[in-house]
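Structure first, then comments.
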Amino acid sequence: NAGVTQTPKFQVLKTGQSMTLQCAQDMNHEYMSWYRQDPGMGLRLIHYSVGAGITDQGEVPNGYNVSRSTTEDFPLRLLSAAPSQTSVYFCASSYTLGAGYTFGSGTRLTVV
Amino acid sequence: KQEVTQIPAALSVPEGENLVLNCSFTDSAIYNLQWFRQDPGKGLTSLLLIQSSQREQTSGRLNASLDKSSGRSTLYIAASQPGDSATYLCALPQGGSEKLVFGKGTKLTVNP
């Protein structure tokens with residue numbers, strides 16, 4: 001099993017550009033989430049999904065969009081990149097409530 | 001709102017020492033708590049998941065305990081090795097949801 005796969009691993013964007021961070025899992029997990037990790041701030045939840053077609057906001061959703069058209073994929077879209085979105089982004093998935101999360105290896109994003 | 005605190009923020013020990021990492025939380029109405037390990041520049045690796053009905057979980061040299069009434073969890077590492085050097089994070093859900101709240105971690109260095 002590949003687990004949770006994130007692409008790309010590294011990305012540099014110019015301010016104002018848009019892009020999509022990809023996340024895919026092959027474990028038939030219903031729950032998927034996006035987190036960002038910043039020095040001194042720890043990991044913070046951006047958006048999450050409890051199943052295909054269902055998404056909700058986390059702690060820091062502004063500037064990001066998500067959709068969940070399939071169980072396997074949960075892409076994160078940056079609409080108009082800003083330097084404040086420079087961070088490391090992690091995708092995670094869980095089989096069900098309380099089952100514990102599996103994390104991807106992360107995407108390191110720099111916005112200049 | 002669930003708040004998670006990890007003390008100490010950093011810890012340096014000689015190889016072979018037994019050590020305890022602490023995690024405290026404010027809302028005891030949880031259904032599980034998860035300990036992760038993060039190596040520099042890498043993703044999160046799940047170490048132990050404790051359900052609310054459990055008092056402790058063990059995996060090899062690692063033992064995690066949970067005391068909901070006092071809002072505390074500890075991660076015990078026996079006979080530490082240089083390969084244990086990493087940042088250790090605890091995470092638990094916000095209320096009854098799947099929104100994970102993370103502590104800021106304890107950076108462990110085990111010196112040969």
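The values are calculated or read from the model by the stated rules, or taken from the named source; none is laboratory data. Predicted, not measured: the structure shown is a model, and the values here were computed from it. Cβ sites come from the backbone with ideal geometry, for glycine too, and all protein chains shown count toward neighbours. For the accessible areas, the whole protein counts, side chains as well, though only heavy atoms, and no ligand, DNA or RNA atoms are used. Shrake-Rupley method; radii C 1.70, N 1.55, O 1.52, S 1.80 Å.
Going through A:Leu76, A:Leu45 one at a time, which residue ends up being within 18 Å of A:Gly106 (Cα to Cα), aliphatic (A, V, I, L, M) and without any contact (Cβ under 8 Å) to a residue 40 or more places away in the chain?
On the way: A:Leu76 fails: without any contact (Cβ under 8 Å) to a residue 40 or more places away in the chain.
Answer to the check: A:Leu45.
With a cut-off of at least 3 residues that are free of Cβ contacts under 8 Å to residues at least 60 places away in the same chain and among the hydrophobic types (A, V, I, L, M, F, W, C), name the strands (runs of 3 or more DSSP E) lying wholly within region B:1-91.
On the way: elements: B:4-7, B:10-14, B:19-25, B:32-38, B:44-51, B:56-59, B:62-67, B:72-77.
Qualifying strands (runs of 3 or more DSSP E): B:32-38, B:44-51, B:62-67.
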Inset, instruction - State all residues of region A:12-35 that are open to solvent by 20 Å² or more (accessible area, probe 1.4 Å), of a type outside the set (Phe, Trp, Tyr) and part of a strand (DSSP E or B); if no residue qualifies, say none. - result: A:Val12, A:Met19, A:Thr20, A:Gln22, A:Ala24
Inset, instruction - Would you check if there is a residue in region B:81-101 being farther than 30 Å from A:Thr7 by Cβ, aliphatic (A, V, I, L, M) and either out of contact with any Gly (no Cβ under 7 Å at 6 or more places or on another chain) or open to solvent by 60 Å² or more (accessible area, probe 1.4 Å) (or both)? - result: no
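Which ones in region A:39-62 are charged (D, E, K, R) and either open to solvent by 60 Å² or more (accessible area, probe 1.4 Å) or in contact with a Cys (Cβ under 6 Å, 6 or more places away or on another chain) (or both)? Please lay out each step first, then the result.
Within region A:39-62, the subset charged (D, E, K, R) is A:44, A:56, A:59.
Scanning region A:39-62 gives A:Asp56, A:Glu59.
Say we look at region A:72-95 and pick out the residues that are within 19 Å of B:Leu44 (Cβ to Cβ) and part of a loop (DSSP other than H, G, I, E, B); which of these is least open to solvent (accessible area, probe 1.4 Å)? I'd like the intermediate steps shown before the answer.
Narrowing region A:72-95 to residues within 19 Å of B:Leu44 (Cβ to Cβ): A:74, A:76, A:87-95.
With part of a loop (DSSP other than H, G, I, E, B) added as a condition, the list becomes A:74, A:95.
Details: A:Phe74: 0, A:Tyr95: 135 Å².
My answer is A:Phe74.
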